[in-house]
Every structure is written in structure tokens, then in C-alpha cells.
1. Return, ordered by residue number, the residues of the stretch 401-429 whose backbone nitrogen is under 20 Å from a label point located 7 Å along Cα→Cβ of R458.
2. For the chain, give the magnitude of the charge dipole about the Cα centre (Cβ charges: +1 Lys/Arg, -1 Asp/Glu; no others), in debye to the nearest 20.
3. Based solely on C-alpha atoms, express the radius of gyration and the Dmax of the stretch 343-470 in angstrom.
4. Given a 1.4 Å probe and heavy atoms of the protein chains only, how would you sort R370, R96, largest accessible area at the top?
5. Based on the Cβ-Cβ distance from D441 to I377, what FRET efficiency comes out when R0 is 30 Å, to the nearest 0.05?
6. Taking 0.36 nm per residue of separation and subtracting the Cα-Cα distance, what length does fully extending T155 through E409 add?
7. Within the stretch 194-229, find all residues whose amide N lies under 20 Å from a label point positioned 7 Å from the Cα of W73 along Cα-to-beta-carbon.
8. At a Förster distance of 22 Å, what's the computed FRET efficiency of T481 paired with Y271, Cβ-Cβ distance as r, to 0.05?
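The values are calculated or read from the model by the stated rules, or taken from the named source; none is laboratory data. Keep in mind it's a predicted model, so treat the numbers as computed, not measured. Note that we place each Cβ from the backbone using ideal geometry, even for glycine, and neighbour counts take in every protein chain shown. Heads up: the accessible areas ignore ligands, DNA and RNA and are worked out on the full protein's heavy atoms, side chains in. Shrake-Rupley method; radii C 1.70, N 1.55, O 1.52, S 1.80 Å.
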Amino acid sequence: MLHMATCLGLFPPAPAGKTFQLNHRSPSLFSSPKPHITPSRKSRYGIQSSKFGSFLDLKPESKPELLDFDLSWFDPADRPRCFDVIIIGTGPAGLRLAEQVSGYGIKVCCVDPSPLSMWPNNYGVWVDEFESLGFVDCLDKTWPMACVHIDDGRTKYLDRPYGRVGRKELKTKLLENCASNGVRFHKAKVLNMEHKEFESSIVCDDGIELKASLVVDASGFANTFTEYDKPRNHGYQIAHGILAEVDCHPFDLDKMVLMDWRDSHMGNEPYLRANNSKIPTFLYVMPFDSNLVFLEETSLVSRPMLSYMEVKNRMVARLRHLGIRVKNVIENEKCVIPMGGPLPKIPQSVMAIGGISGVVHPSTGYTVARTMALAPIVADAIVECLGSTRMIRGRPLHHRVWNGLWPLERRCTREFYSFGMETLLKLDLNGTRRFFDAFFDLDPYYWQGFLSSRLSLRELLFLSLSLFRNASNPSRFDIVTKCPVPLVKMMGNLALETI
């Protein structure tokens, strides 16, 4: 992404890693339980069948599900209504942080309108990420490798196992750990928040007021609690996904499709093809068996955000071209992820974790594994303050927890990932294809590290030099002509961060 030839001699060769494999013969299918999905009797007989590709009118079969779990609920009769930490939201980020903080004896209360609701989105992760976190048992399906279709003639095979997160398994495991640590839960929506020197309070829609030394916002992007002191000029990833029963599909069962950039399905769709050539979308595929598949048409990043109807229309055209007839939609999802942009104001009186805290990978949209890895770091900073006899509160507490999440090195690497996003925003379909063709030819240590947000700034610079050296001449031309403005912006932001 970044060409800085004068720095070439400063960086070491890549550490040993798995060799990237092209034309790799498919290994045997991983042993993996089938997802917990029970299509209805009528869908098995195709009563809801669509015509080729016209699946948009089919209604999802699954209904919102509540976990059958005995939580320790907050009792409004309790006095005083004070905790060490209040966490707003019970998504993966909120529950992971609650689990970690409460493990040290810190009094935690999680507030959410529906703490037992299942998470609506499908989460995909690299298996090694969840293995390192001890959550591999929460993957309900794994694939021994992934693939990227650059165009009709080029496919990259990635020798890195991929998995789908079992939402029920992961949420149940986190809730069990929270319950054993004494975490309380309150079923309500937070309306207002007030901060004093050493204490914060929240007011819920049921009239209950709760107080804590620290309030953590884990409620996602659509909130007003976390403050920004810079314009929020995010890029946006938008996708339409369906878990569907189909007559058949053309995908190998031992590979998930990370990206399919082919556009041959638009041969009879000149309007769609023209727009796609400027702001491309790709197909993301998780094949579970010959008749069950998760399909998601995705705009990697755009600014302004690509129309949701445009994304769905492209998906209809693609599935029609692939000969995929959707018999039944089990689940569908609209996924909108703000990417890049500025970090929240650091520090501030409310702490944040998850999407609103800036941890979304600015170039890919990956969030879950990274959040799960960072929560223990934030928990350590909280415990260091609230779990000590000194009881560090107020501004010193806010400073320590925010800088625990965003130390200087992490802020600098995020600037680099944001530079990658800004570069992708300037690439059309052909430029995007050339970029990923070169990117996945890098040493696996670097492309894997980039996608998992685990490279140092030094390693990211080396990655950029390698990428430029290995890129085709047209791709180099893209970098030289389209990267200067994002590059200058990144260098300016890095200078500000290090002052």
C-alpha cells in the first residue's frame, strides 16, 4: 500500500510462515459440527421456492430467539444502586469485558434492552484467532482453507482455516462466565448519562438510576454516549446476507469464499456493470452442505455509502448467473459497518469498547476477534485502578483505560490501516483486483498479520514495500497516482499522534 523506497533497508525479511499455495489440492474436510439450523417442513418441500435469483420477496423463516439462561438480575429494591463498572450493551464486546473485569472481583452491571436476545449477525473469523483466545469450541463450522476469486481466470487459495462463530455457543459461554463471577444484568435502555468528578450515573427508560465509578459504552455505532472531537468521516462497509436453502450451488464444501470479485454475471446488466466497475462489490460465501449456504454481497468500503438496494440487485444478478435457486431464506441480515475515520475523544468520561471505540479494522471491517483480544487489556487497566487499595478514579482512571485500549503504537498502526482504507476507496474494480492479486501473493506472515491487526508499524511499512515491489505495473501506477493524498494525510496524523 505504501511505497517508501528509502526505507527498504530498514526492515528484516519476513519471519517463517505458511507458504501461500496456488493450485493446491483440497485437503480433507475439517471435522466440524453442522450449524444448529432446523429448516421447516414446508421449506424442505420447496413451498417457498423463488424463481431463479428473485429471492428478495422470501421472508426469513427464523424468528428472533432468546437464550434459555438464568441471569442474576439487578433488583431495584437493592440499596445503594452502585457498582464499580456499568457496561451498556451485551454484544460480544460488552460481555467479554464484563467477563474479564468481574473475574477480579470488580462489581459489574450490564444494561441492555434484551440481554438474552441472540446476536443477529453472522461472524466469520480465522480459526487461529479463536484458538489463541480459547474460543475454538465456539465455532460451529470450519473450513480448512479459503479462496479469493480475482476474476474469471485467477483464483487465490489461502492456506488458513476459517470458521463461523456459533453465536449461541459464544454468548452462552460468556454469560456462564459472567454469572459465575457475579455480574448483574438489568433489562432496560439507557436514556441519559451524567458524569461527576469521581462517579458517573445512568438513567434508564424504566426510571431506574444506577451509579458507577466507570461507565463503558459497548452499545455499538448508533449511540450518542461516546464523544468525538473530530468530524466522523468514516468509510462504510455495507452488505446483504442470507442463510439459505438452495437446490444446489457451485461452491466447494471444503473452502469458504472470502471474496469473489468476478463480474461476468453482469453481462446482461449494463447499468449494474457500469456502477460495479466504479464501486465494486464481492460475494462472500460459507457453504455448509450441498443445499445450505450463507451468501453475502458486500461493498468492502465506500464513501458515501453504496445504496443497499444496489447491493441487493447485484446479488440477485449474481445468484441468477450462478444458477442458484433459493428455496427458503432461513436468516437474512443487513450489515452496515463504519470503518476508519477518527478515534473517539481520548480520554473522556465514558469508556468505549467494540465498534464505537474504533477497533473495527479500517481496511476489512473485521471486529469480533480483535475486540475479544483487546477486552482483557482494557480489563487489566480497569482493575489496576478500581481493584487496588488506592482506588484510582475520575480523570486518572479515564486516562489509564483509554490509553490501555489505544496506546501510541496501536494508534499509529491504526493510522496505517486507515491509509489502506483510503487507498481502497480510490480504486475501481480493476484496481481492486490488481491490489488483492498482489496482496495475497505476499508472504503469509504479512497478509495474515494485516488481516488480523497484529503487525507492528515497522512490519506494516515492510509489507507496503513488498506489495509495491511485487505489484503489476498498472497496480504500481494506481499506487503512485492515487496514494499521495491518503499518504500525506496519514503522515500528518502520525506526526500529530507522536507530538
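1. 407-417
2. Numbers: 59 positive and 54 negative charges, 159 e Å.
Here the chain has a charge dipole of around 760 debye.
3. Over the stretch 343-470's Cα set, Rg and Dmax evaluate to 17.3, 60 Å.
4. Details: R370 50, R96 15 Å².
So, going from the largest accessible area down, we get R370, R96.
5. 0.35
6. Working: separation 254, 0.36 × 254 = 91.44 nm, distance 3.49 nm.
The span from T155 to E409 would gain 87.9 nm if fully extended.
7. Residues 203-211 fall inside that zone.
8. On the way: r = 28 Å, r/R0 = 1.26.
Once rounded, the FRET efficiency stands at 0.20.
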